[in-house]
Amino acid sequence: MRQVIVLVMAALVIGLAGCAPKMKTNTINQFNAEYQRVKGQGYQIQPGDTLDITFFYTPEYNATSVPVRPDGKIQLSLVGDFPIAGMTPDQAAAELKKIYTRELKNPDLAVIVKTFGASAVVVQGDVRSPAQIPLIGEARLLQVISQAGGFLPTADIRNVTIVRHSTGGKPLVTVVNLQDALQGVNPANDIAMLPGDVVFVRPLKINTDQRGSGLPVLSAPSAEPE
C-alpha cells in the first residue's frame, strides 16, 4: 500500500514541475512541524519490516527476523497470525503480552524492529541515479540526493520540490533553494526527511536569449509559500 502511495506522490510531483511559474506551497515551518508530529508518535511498524520478539522468562519462544507481511501481519507460535502494522513496538509488545498471558505464566516480552523495509524516500528528476532511497537514521534532503548520485549539471538546485503525505490527508508540498543550504546561507532548507517523502529535482528552464547572442539563458520558475 505504501509503495502505491509513493508512486502516486511521484506522479504528482512530476506534474508540479509543469505547473504555472507561480504555485502555492507549504512553508518549511509546516514541514518541520509535521516532522516533529510524526517523530513524536514513535515509529509505527510497516509491511516489509523484520522484527525480533524477545521473551524475557521463556526464551524458547523467542522469534528472530520475523517478516511483516504485505497484509500487515506476522505469524508467531501459540498466536498464529497477528496484525501488527501501524503499531509502535511498545504497543505491539503490550498487545502480544495480553494474548500470551493465556498461554504463559510470565509473558513479558519486547518487540524490536530489526530492519526497516518500508522506510524510504523517492528521489526523481535531474539526479544521476533516480531511485527509492532507504531512509536510515535522521537523514536530511541533501543526504538522500547524494545517495541518488547527486545533482546533474542541468539541475535547478534553487527550486527542489518535496511532497510529504504523512498527514493522511492533503499532501504537504514545498520548494526549497538548496544552493543556499549548500552555501550555508540558509541551512534550514536542508529539510529532515520522513518515510514516503518524494523529492523532485527539476531541470533548469532554457530560454532563447532575446538579445541576439544566440546563446541559451538558464532560468528557473519561482514558487511562493502559502
Region 84-106, subset exposed (fewer than 13 other Cβ atoms within 10 Å of the Cβ) and among the basic types (Lys, Arg), residue nearest to the chain's Cα centre (by Cα): Lys98
Filtered residues of region 108-122 (kept if more than 27 Å from the chain's Cα centre (by Cα) and surrounded by fewer than 20 Cβ atoms within 10 Å (Cβ to Cβ)): Asp108
Picked from region 109-123 (must be in a strand (DSSP E or B), hydrophobic (A, V, I, L, M, F, W, C) and at pLDDT below 95), the residue nearest to Ile45 (Cα to Cα) is Val113
Can you work out which of the residues in region 137-156 that are modelled with pLDDT under 95 and not hydrophobic (A, V, I, L, M, F, W, C) is surrounded by the fewest Cβ atoms within 10 Å (Cβ to Cβ)? Gly137
Checking Pro21 against (1) part of a loop (DSSP other than H, G, I, E, B); (2) at pLDDT 90 or above; (3) loosely packed, with under 12 Cβ neighbours inside 10 Å, which test does it fail? (2)
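Let's see how each residue does on (1) surrounded by 15 or more Cβ atoms within 10 Å (Cβ to Cβ); (2) basic (Lys, Arg); (3) not assigned by TED's automatic domain parsing to the domain that holds Val160:
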position: Thr54; (1), (2), (3): yes, no, yes
position: Tyr57; (1), (2), (3): no, no, yes
position: Ser65; (1), (2), (3): no, no, yes
position: Val79; (1), (2), (3): yes, no, yes
position: Phe82; (1), (2), (3): yes, no, yes
position: Gln124; (1), (2), (3): yes, no, no
position: Val127; (1), (2), (3): yes, no, no
position: Pro130; (1), (2), (3): yes, no, no
position: Leu135; (1), (2), (3): yes, no, no
Just for region 157-174: of the residues that are of a type in the set (D, E, K, R) and modelled with pLDDT of 90 or more, which one is farthest from Val198 (Cα to Cα)? Arg158
Out of (1) crowded, with 20+ Cβ neighbours inside 10 Å; (2) free of Cβ contacts under 8 Å to residues at least 40 places away in the same chain; (3) under 28 Å from Gly72 (Cα atoms), what's the single condition that is false for Gly196? (2)
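The values are calculated or read from the model by the stated rules, or taken from the named source; none is laboratory data. Nothing here was measured: the structure is a model prediction, and the numbers come from that model. Counting neighbours? That spans all protein chains shown, and the Cβs are built from the backbone with ideal geometry, glycine included.
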